[in-house]
Amino acid sequence: MHRYNNFPMRGNSFSRAFGRLGMWLLGGWKVVGQMPDIKKAIVPVAPHTSNWDFFIGVFAMLALGLKLSFLGKKEIFVFPVRRLLTWLGGVPVNRASAHGVVADIAKQFNEREQLILALSPEGTRSKVEHWRTGFLHMARAAKVPVVPVALDFAKREIQIGQPIEIDDDIEKGLKEVQAFTRQAQAKYPEKA
């Protein structure tokens with residue numbers, strides 16, 4: 001296991017073994033690459049076409065001993081799973097009122113010593129013509145890099161890319177993230 005000095009970590013040998021077991025049970029997934037040793041980042045994970053994506057991500061997080069946060073629609077944060085989702089790093093978001101979410105997330109980055117926020121740039125499991133760019137605006141406002149992660153169901157790989165600094169050219173940042181993640185095959189390619 002890679003040792004980090006800055007990246008937020010959690011868990012123990014049991015949780016890491018549990019994560020590896022989960023990755024194996026879901027088809028023998030492996031991680032290619034490693035997260036950079038940084039305190040703060042936004043991690044767009046794509047393509048996102050299935051609920052299985054979440055479980056693969058959770059098992060990988062546990063296997064690597066990483067402490068990640070993730071955005072989820074507030075409707076899933078209900079009894080009996082609310083406590084578990086919060087423990088896993090879930091942050092409920094009201095998707096009906098996206099106005100203000102960028103500023104709220106940027107504020108959280110500024111207030112915390114460490115925060116790695118994973119999210120789906122598509123914003124849904126359904127096919128979309130255009131990705132949401134809120135995650136890039138969050139990265140720019142918080143002055144944190146974006147670390148793209150691709151879920152490749154053909155290879156059973158979680159591929160970790162290099163950090164991308166986001167400036168005022170949001171479209172350029174979007175193309176860089178998509179160039180990395182679009183080479184991966186989604187569970188349901190017709191939705192990607």
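State whether one or more residues within the stretch 147-165 are in a helix (DSSP H, G or I) and under 14 Å from the mean Cα position of the chain (by Cα).
no
Tell me, which residue of the stretch 175-188 that is out of contact with any Ser or Thr (no Cβ under 6 Å at 6 or more places or on another chain) and open to solvent by less than 20 Å² (accessible area, probe 1.4 Å) is nearest to residue 137 (Cα to Cα)?
Looking at the filtered set, the residue picked out is 177.
If you take the residues of the stretch 60-109 that are of a type in the set (Ser, Thr, Tyr) and surrounded by fewer than 18 Cβ atoms within 10 Å (Cβ to Cβ), which of them is farthest from residue 5 (Cα to Cα)?
Among them, the one singled out is 97.
Being farther than 21 Å from residue 174 by Cβ and either within 14 Å of the chain's Cα centre (by Cα) or at pLDDT below 95 (or both) narrows it down to one residue among 62, 25, 71, 21; which is it?
Exactly one residue qualifies, and that residue is 62.
Name the single residue, out of those in the stretch 110-133 being buried (at least 19 other Cβ atoms within 10 Å of the Cβ) and not in a loop (DSSP other than H, G, I, E, B), that is modelled with the lowest pLDDT.
119
Being in contact (Cβ under 8 Å) with a residue 60 or more places away in the chain and open to solvent by 40 Å² or more (accessible area, probe 1.4 Å) narrows it down to one residue among 33, 57; which is it?
33
The values are calculated or read from the model by the stated rules, or taken from the named source; none is laboratory data. If you're wondering where the values come from, they're calculated on a predicted model, not measured in any experiment. Glycine also receives a Cβ, built like all others from the backbone with ideal geometry; neighbour counts cover every protein chain displayed. Ligands, DNA and RNA are stripped out before the accessible areas are found, and what is left, the full protein with its side chains, is counted by its heavy atoms. Shrake-Rupley method; radii C 1.70, N 1.55, O 1.52, S 1.80 Å.
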